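The values are calculated or read from the model by the stated rules, or taken from the named source; none is laboratory data. Not measured: the values here are computed from a predicted model. Heads up, the Cβs are rebuilt from the backbone with ideal geometry, glycines too, and the neighbour counts pull from every protein chain shown.
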Amino acid sequence: MSTDSGSFGSDAGLVVQALRDYLADSSDRRHGVLDQQVAEAIISELELEKWLREGDLGGAALAQWVQDYLARTTRLHHPGYLAHQVATPHLTGALGALIDATTNNAMAIYEMGPAASSIEYFMINWMLQKIGWKTVPCQQQMDEGSDHAGGVLTNGGSLANLTALLAARSAAVPEFWARGNPGNLVLLAPEQSHYSIKRAAAILGIGEDNCLRVAADGNGRTRPDQIPAQLSRLEDTGHQVIALVANACGTAAGLYDPLREIAAICESNGIWLHVDAAHGGGALVSKRLRHLVDGIELADSVIWDAHKMLRTPTLCAAVLVRDHRHLDHAFSQQASYLVHDKDQPGMDFLMRAVECTKSGLGLKLFMTLAAMGEKGLEAHVNHLVDTARECAAMIAEQKDFELAVTPETNIVCFRAGDDDAEQLEVRKRLVQAGNYYISTTGYRGCRWLRLVFMNPATGRDDISGLLEEIRAIRVELGKA
């Protein structure tokens, strides 16, 4: 059979060679970024029914199938990839994903993955230290008498936000888990928050309608001066705020909320401050950009996605809390076959996560950082932001384009013309042509073209080419 260990080396070699060719073709622009087909066509061309029926996918057949599969993927290593907040992954981190999948250590409990658990503990502490929070040795992690920070790695920022807000709900209403919603709970969040915040409010039983907006300025940043009056109104109507969410940075345009000012208000009113730093947490590794997250150490919880600016393969998101006890108490359940007296030379992450089965996410993060080093990682983050700002300045100089706002991070929003429908049509034609893959976003009441600089190979010349292609599309549309 092609799945036995005897064929693993040869099959792996074939797959690696196909991936090497794929990476070279992508980075050299020999193929488009994205070539979307109808799902049924892909299913047919990959002969999925045949392989399920016949089996034995290995050897030359495997090599051909992998090539066929790769031809239908989105090429994140292509310099024209500018669409979404997903890293162009470091290849050593990708090897970490291979090791984790092969060993398959489901490390929610320590005995099911001692090495994976130890690495996750180590990487969580690294992230906590970057924020400026207190860490302790592994054997003290669950110490009820200690107020040290803690955390867990999970599969994506949406799940991370849900977990952090569950901890906030548990801190504000400890009886919620057993007794349910008292009916007066609200969550405060900026308009530019990620959609997962409202989704979390619904899942947690608070209700999407009870996820209330905080006041923002014209660019979407939270206005701290407006928060006290809002809190006073809510108190007068008998509402209890379980948490206030701040962005570091906002999803649409990548702007940071004034965290230190917001934190002072939350502290004086006894409100949990949750910082969604899924994307903008990359500033924590840069001395030059650290000021963007000034005050983040005053938050009660933070999420930070390593699979964004830290070049880690998806998915790898951290849920981090200033006091570990809030996360340790968030899940009021026990499984007797997992939680009992046993040899425990390390810690179980089971009680900190939604998942009962966890993959070794820390391994991908560690291997990425170990290959780059902290200085290399800092240089990468600085490069992405510098490139975005340089290209934004270039766009601002063009008379036929409008820059939405000077970027603080690696996200750039701009418009060609003043018609929202035109932005969508331009984006559609760009994607169809295949040289560039970008997104659009709603921001300040308009539709904008949106670039996210994730690929370190993307540069000024790529954006010059993009602008020329947009101009040509607008001529075709009769807009120029």
Just one of the numbered conditions (1) surrounded by fewer than 19 Cβ atoms within 10 Å (Cβ to Cβ); (2) within 23 Å of the chain's Cα centre (by Cα); (3) of a type outside the set (Val, Ile, Thr) is not true of ALA115; which one? (2)
Regarding region 145-154, can at least one residue be identified that is surrounded by fewer than 18 Cβ atoms within 10 Å (Cβ to Cβ), of a type in the set (D, E, K, R), without any contact (Cβ under 8 Å) to a residue 60 or more places away in the chain and under 25 Å from GLU297 (Cβ atoms)? no
Mind listing whichever residues of region 380-397 are surrounded by fewer than 16 Cβ atoms within 10 Å (Cβ to Cβ), of a type outside the set (D, E, K, R) and within 23 Å of the chain's Cα centre (by Cα)? HIS383
Single unsatisfied condition, THR441 versus (1) surrounded by 17 or more Cβ atoms within 10 Å (Cβ to Cβ); (2) in contact with a Pro (Cβ under 9 Å, 6 or more places away or on another chain): (2)
For ALA388, which of the numbered conditions (1) within 30 Å of ILE124 (Cβ to Cβ); (2) at pLDDT below 95 fails to hold? (2)
Could you check how many residues of region 201-211 are more than 23 Å from the chain's Cα centre (by Cα) and surrounded by 14 or more Cβ atoms within 10 Å (Cβ to Cβ)? 3
Which listed residue is modelled with pLDDT under 95 and hydroxyl-bearing (Ser, Thr, Tyr), from SER2, SER27: SER2
